[in-house]
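K.L.:
Once you've had a glance at the structure underneath, I'll fire off some questions.
The values are calculated or read from the model by the stated rules, or taken from the named source; none is laboratory data. From a predicted model like this one, the values you see are computed outputs, not experimental measurements. FYI the Cβ positions are ideal-geometry reconstructions off the backbone, even for glycines, and counts take in every protein chain you see. Accessible surface is based on the protein model in full, side chains and every heavy atom, while ligands, DNA and RNA are left aside. Shrake-Rupley method; radii C 1.70, N 1.55, O 1.52, S 1.80 Å.
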Amino acid sequence: MVLADLGRKLNAALAQLNAAPIVDEKVLDAMLKEICAALLESDVNVKLVASLRQKVKAKAKAALESDANKSKEANRRQIVQKVVFDELVDLVDPGVEPYKPKKGQSNVIMAVGLQGNGKTTTCTKLAVYYQKRGFKSCIVCADTFRAGAFDQTRQSATKAKIAYFGSYTETDPVSIAAQGVAKFKKERFDVIIVDTSGRHKQESELFEEMVQIGEAVQPNMTILVLDASIGQAAEAQSRAFKESADFGAIIVTKMDGHAKGGGAISAVAATKTPIIFLGVGEHLADLDRFAPQPFISKLLG
Ligand code: GDP
């Protein structure tokens, strides 16, 4: 189920409130059943869905039972709608402020994630995003694992007129990362984005490499790049990366496709880390800023 379908199903569940003559516990339960089914179908983690159900029920019941709200039916609908809205926002809001790059200093951003999730593409998109906002931006390609990774960076960075650093001969990603960051710091770049290698699955070598690169470049912010189609594997994968790379932000890619997206949403709660951008296409401008409230408002359209 793609995200638009989820929005439609959530709306249909909320519409039950309007159809019912009285919003009572039975109506509340029926609505919650549909909401939870829609979230589960979208791959949102089962524990998160259970917790949302319980919180909505408790808050909505308490509000409906308060004397002030006992009489007016329109108020009662609005109260339940607001409780649902707030809990959906909570699902994608860990209540943590992500790092914000500051001008006039070097901000090192390290991107981590499994191969194919869209890391290299996202690094260039990010560099373009910050460059457009007046940050002198560049990319360091520390992915020595995937053949062609540096060529991909070189091509997309050249196209986007972004400075880049990498090597065809150096095989040590830690050394490349350190060299590139030192060079760009000396040249007073504001935003220095370090692209790391991915592998196909979670492996101890990959996590060890992330630790070493992190120690070498001391990132101000590490970003986990997650494919929207990740599904139920999101929790384990994001926790594993959190332990080695301690990322402080998440970017979910391929939100334009047929992915369900709910798995990636589960990574927010599993790691208490905010999503900061959504990748919405293959072009360099296809990067949307993410904020919990507008996202849920748009989802419910
Ligand atoms: P990496 O191995 O993690 O560095 O992944 P790449 O950056 O090479 O991306 C893998 C594939 O996903 C490429 O074909 C990208 O064009 C594509 N891709 C990356 N981000 C997005 C996105 O937001 N939307 C779509 N539709 N494709 C994307």
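K.L.:
So for the range 1-152, Kirkwood radius off the Cα pairs, Stokes-Einstein at 37 °C and 0.692 mPa s: how many µm² s⁻¹?
P.N.:
D = 171 µm²/s.
K.L.:
Whole number please: convex hull volume per residue, Cα atoms of the range 88-179, in Å³.
P.N.:
Spelled out: Cα convex hull of the range 88-179, divided by residues, is 134 Å³.
K.L.:
Just to be sure I understand: with springs between alpha-carbon atoms less than 10 Å apart, which residue in Ala240, Ala30, Ala62 has the highest mean-square fluctuation in the Gaussian network model of the chain?
P.N.:
Ala62
K.L.:
What value, in deg cm²/dmol to 500, does the helix sum -39500 (n - 2.57) over DSSP H runs of n ≥ 4 give at 222 nm once divided by the residues of the chain?
P.N.:
-17000 deg cm²/dmol
K.L.:
Moving on to the next point. Working only with C-alpha atoms, what are the Rg and Dmax values of the chain, expressed in angstrom?
P.N.:
21.8, 75
K.L.:
Work out the length of the dipole vector of the range 1-138 about its Cα centre, built from +1 on the beta-carbon of each Lys and Arg and -1 on the beta-carbon of each Asp and Glu, and round it to the nearest 20 debye.
P.N.:
The calculated dipole for the range 1-138 is roughly 740 debye.
K.L.:
Using a Cα-Cα cut-off of under 15 Å, which aspartates and glutamates could be cross-linked to Lys72, ignoring same-chain neighbours fewer than 8 residues away?
P.N.:
The reachable aspartates and glutamates, counting only those whose Cα sits under 15 Å from Lys72, are Asp24.
K.L.:
Here is a follow-up. Do you know the relative contact order of the chain, to the nearest whole percent, from alpha carbon pairs under 8 angstrom that are 6+ apart?
P.N.:
Dividing the mean separation by the residue count of the chain yields 23 percent.
K.L.:
Averaged per residue, what accessible surface does the chain expose to a 1.4 Å probe, in Å²?
P.N.:
46 Å²
K.L.:
Among the listed pairs Lys103/Lys254; Lys26/Lys272; Lys59/Lys254; Lys33/Lys82; Lys102/Lys136; Lys47/Lys272, which have their C-alpha atoms separated by more than 23 angstrom in this model?
P.N.:
From Lys103/Lys254; Lys26/Lys272; Lys59/Lys254; Lys33/Lys82; Lys102/Lys136; Lys47/Lys272, over 23 Å: Lys103/Lys254; Lys26/Lys272; Lys59/Lys254.
K.L.:
What is the calculated FRET efficiency for Lys100 to Ala62, with r their C-beta to C-beta distance and R₀ = 35 Å, to the nearest 0.05?
P.N.:
E between Lys100 and Ala62, to the nearest 0.05, is 0.45.
K.L.:
Additional query: Using +1 at the Cβ of each Lys and Arg and -1 at the Cβ of each Asp and Glu in the chain, identify which of Val44, Gly166, Leu17 lies farthest towards the dipole's positive end.
P.N.:
Towards the positive end, the residue furthest out is Leu17.
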